[in-house]
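**Q** Encoded as structure tokens, here's the structure I'll be asking about.
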Amino acid sequence: MSFSYLFLIYALTILVTRIFLTFFHIHGKKILSIQPHHYMHGIILVALYFMIHWTVLLAVGTALVVDEIPLFFIFKTWDWPDDHWKQYHSWQSVVGAVLISVAGFLVVSF
């Protein structure tokens, strides 16, 4: 599978996730006291990649993680309030995800 195809899957994952969460502000059900976010699902997909070696899992998993990394810098923690949608859709979050993606693309392509 070519790198450009995987980067397209990566970019589409972020785009589709953001569009979906624009219209449907949903949370996963709490597990014990932990509120799952899509970066957690991304970490699981990346871990599965190392067992299965299917590169699509790596592309989707890293996209889900990178999409929420800017929220860590906004809140200074991984424990976000339930009403974090304004910050998730803020320009800082969008620009942060784009900058992290561009940096990752440049590192991997050179």
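The values are calculated or read from the model by the stated rules, or taken from the named source; none is laboratory data. This structure is a prediction, so every number in the text was calculated from the model and none was measured. Positions of Cβ are generated from backbone atoms using ideal geometry, with glycine treated the same way; all protein chains shown enter the neighbour counts. With ligands, DNA and RNA removed, areas are computed over all heavy atoms of the protein, side chains included. Shrake-Rupley method; radii C 1.70, N 1.55, O 1.52, S 1.80 Å.
**Q** What do you get for the angle between helix 55-75 and the principal long axis of the chain? Use alpha-carbon atoms, 0 to 90 degrees, nearest ten.
**A** Taking Cα atoms only, the helix is inclined about 40 degrees.
**Q** Obtain the nm distance between the two label points defined at Y5 and W80 by a simple spin-label model: each point lies 7 Å from its Cα along the Cα-to-C-beta direction.
**A** 3.2 nm
**Q** Still on this model: Sort the following peptides by mean Cβ neighbour count (other Cβ atoms within 10 Å, averaged over residues), highest first: 52-61, 12-21. Don't skip to the answer; put the middle values down first.
**A** Working: 52-61: 17.2, 12-21: 14.6.
Sorting 52-61, 12-21 by mean packing, highest first, produces 52-61, 12-21.
**Q** So, one more: Hey, can you find the accessible area per residue of the chain for me, probe 1.4 Å, expressed in square angstrom?
**A** 66 Å²
**Q** Turning to a different aspect of this structure: If you rank Y49, Y88 by how much accessible surface each has, with a 1.4 Å probe, what is the order from largest down?
**A** My answer, sorted largest first, is Y49, Y88.
**Q** With +1 on each Lys and Arg Cβ and -1 on each Asp and Glu Cβ, and nothing else charged, work out how big the dipole of the chain is about its Cα centre, in Debye to the nearest 20.
**A** Using Cβ point charges on Lys, Arg, Asp and Glu, the chain gives about 40 debye.
**Q** To continue, here is another question. Rounding to the nearest 10 and keeping the result within 0 to 90°, find how far the Cα-based axis of helix 38-52 lies from the longest principal axis of the chain.
**A** 30 degrees
**Q** Also: Calculate how steeply helix 91-109 sits against the longest principal axis of the alpha-carbon atoms of the chain, using the helix alpha-carbon long axis, and give the answer as 0 to 90 degrees to the nearest 10.
**A** Helix 91-109 sits at roughly 20 degrees to that axis.
**Q** When the accessible area of the chain is computed with all protein chains present and a 1.4 Å probe, what percentage of it is carbon and sulfur?
**A** Of the solvent-accessible surface of the chain, carbon and sulfur hold 76 percent.
**Q** On to the next question. Across bins of 10 angstrom width beginning at 0, how are the C-alpha pair distances of the chain distributed, in whole percent?
**A** 14, 46, 32, 8, 0
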